[in-house]
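What follows is calculated from the coordinates using simple rules that are stated; it is not laboratory data. All values derive from a computational prediction rather than experimental measurement. Please note: Cβ atoms are built from the backbone with ideal geometry, for glycine as well, and neighbour counts cover all protein chains shown.
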Amino acid sequence: MAACVFSIDVEDWFHILDLPATPELAEWPGLESRVVPATHRLLDLMDAHGVKSTLFFLGWVAERFPELVREAVARGHEAASHGYAHELVYTQDRATFLADIRKAKDLIEQAGGSRVLGYRCPGFSVTTQSPWFFDAVAEAGYAYDSSVWPGLRGHGGLPGAARVPTTLATPHGALREFPISLARIAGRDLYFFGGGYLRFFPLSLIRHMVRRVLAEGRDVTFYLHPREVDPGHPRLPMGARRRFMSYTGLHTTEPKLKALFSEFQFTRFCDILRNVER
Ligand SMILES: [Zn+2]
């Protein structure tokens, strides 16, 4: 049966990609961090509704705040990996990428005390420019990936990729792919279930589209960042379009989540994977 997965890319307010103002890794420790209280807010919201989720921790966050990973796992959530240094996939070579996702996996496993099965790349930036991507994810020891954006987007995307979960055969073994969910309206692919889309579209439309995708027998993957329930976070300077995608509707996230958590059943990627393997 089709299910909803609520996934969170656990990173800080300054981890917005690919801007002239995006701070370098070396600058991160000197910046105000808000990821711990913002993630707590999401954990409390999920507890109040009995929702269990998959959290893709940035390795850097797990290294700095291991107790946050431990707490999420203790509260019944799945700790997965968002890589270490939050670099776009298509800016890296295979060896650099592999080292980054291995380091993150180790740090998150140490912090959470549980095996990390899943990976999601920064910015859904897997494109045809990195044909080694899925093999490298499998080589690093991950059992599944949730990085595919099956259409065009600012940071790449893979138009034409499968829109439903599939098992990919790689030289380093099988890898299950959970792509981001899209819905079709009037012959066009549209996204409703995460980030700026979830903040921009009205709740009534999002609910309608969730019901429609579920009725088609497809899972709905929601994705969010802790900063999206922290409207008071500092802003990075950026152009109008990116500002709209990054900061519009921040006050609407929490009420929307409450409504969605009340209406739909949520599961974790690791639970879906277990059912596939059975
Ligand atoms: Zn990210």
Filtering segment 253-278 for residues that are under 21 Å from R75 (Cα atoms), part of a loop (DSSP other than H, G, I, E, B) and basic (K, R) leaves a count of 1
Residues (under 24 Å from A80 (Cα atoms), of a type outside the set (K, R) and in contact (Cβ under 8 Å) with a residue 60 or more places away in the chain) located in segment 215-242: D219, V220, T221, F222, Y223, L224, H225, P226, V229, D230
Every residue from segment 1-42 that is more than 16 Å from the ligand (Cβ to nearest atom) and in contact with a Lys or Arg (Cβ under 6 Å, 6 or more places away or on another chain): A2
Report, by residue number, each residue of segment 225-242 that is in contact with a Leu (Cβ under 9 Å, 6 or more places away or on another chain) and part of a helix (DSSP H, G or I). P226, R227, E228, V229, R242
Here is a list: T267, T253, T248. Which entry is in contact with a helix residue (DSSP H, G or I) (Cβ under 6 Å, 6 or more places away or on another chain) and surrounded by 18 or more Cβ atoms within 10 Å (Cβ to Cβ)? T253
Which condition from (1) in contact with a Gly (Cβ under 8 Å, 6 or more places away or on another chain); (2) within 16 Å of the ligand (Cβ to nearest atom); (3) not aliphatic (A, V, I, L, M) is the one that E78 breaks? (2)
Take the residues of segment 222-263 that are of a type in the set (F, W, Y) and closer than 23 Å to H155 by Cα: which is farthest from the ligand (Cβ to nearest atom)? F244
